[in-house]
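The values are calculated or read from the model by the stated rules, or taken from the named source; none is laboratory data. Computed from a predicted structure; not experimentally measured. We place every Cβ from the backbone using ideal geometry, glycine too, and count neighbours over all the protein chains shown. Ligands, DNA and RNA are excluded from the accessible area calculation, which covers all protein heavy atoms including side chains. Shrake-Rupley method; radii C 1.70, N 1.55, O 1.52, S 1.80 Å.
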Amino acid sequence: MINAVECFHYATLELVRSAPIKQRLVSAYRRHLAALPEEQLPSELRASFGQIMRALQGVQPMRGEDAVTASVRKMSNQEADECAAQIVEMFGQMCRFNVAAVRSNSVVQLHSIDRVADEYETAALLVNN
């Protein structure tokens with residue numbers, strides 16, 4: 001099973017191709033974001049993801065097209081650029097969340113947290129003159 005970070009990674013790679021922005025946006029959605037369950041995302045990103053999904057599905061399609069094609073067709077190039085930028089920004093945020101999680105999991109406990117600091121003896125330093 002592919003995870004949310006990988007979906008956004010591949011969607012970002014789709015967005016940097018040389019095709020027109022609207023075509024790249026539809027492709028990124030269809031290939032990598034459409035089937036992504038919102039529950040796989042960090043809670044802090046779910047609202048932004050919902051906003052992107054509504055922008056990409058919000059227009060009633062005409063005969064022979066789907067909601068994504070209709071929604072992106074109605075966008076200006078500027079709006080399509082902004083939507084693509086939001087997807088890339090979410091990928092960056094997810095990467096930062098993953099790095100923070102890895103760092104917090106790599107903490108090594110050197111002593112029991114139940115011990116009081118007074119229990120630790122300090123070595124006396126002797127200086128011979």
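Taken together, the residues in the range 18-58 that are among the small types (Gly, Ala, Ser) and under 17 Å from the mean Cα position of the chain (by Cα) amount to 7.
Within the range 23-45, the set of residues being within 22 Å of residue 79 (Cβ to Cβ) and either of a type in the set (Gly, Ala, Ser) or open to solvent by 60 Å² or more (accessible area, probe 1.4 Å) (or both) comprises 23, 27, 28, 30, 31, 34. When the test is whether a residue is out of contact with any Leu (no Cβ under 8 Å at 6 or more places or on another chain), modelled with pLDDT under 95 and open to solvent by 50 Å² or more (accessible area, probe 1.4 Å), residue 48 does not pass it. Restricting the search to the range 1-59, which residues are in contact with a His (Cβ under 7 Å, 6 or more places away or on another chain) and within 20 Å of residue 70 (Cα to Cα)? Across the range 1-59, the qualifying residues are 11, 14.
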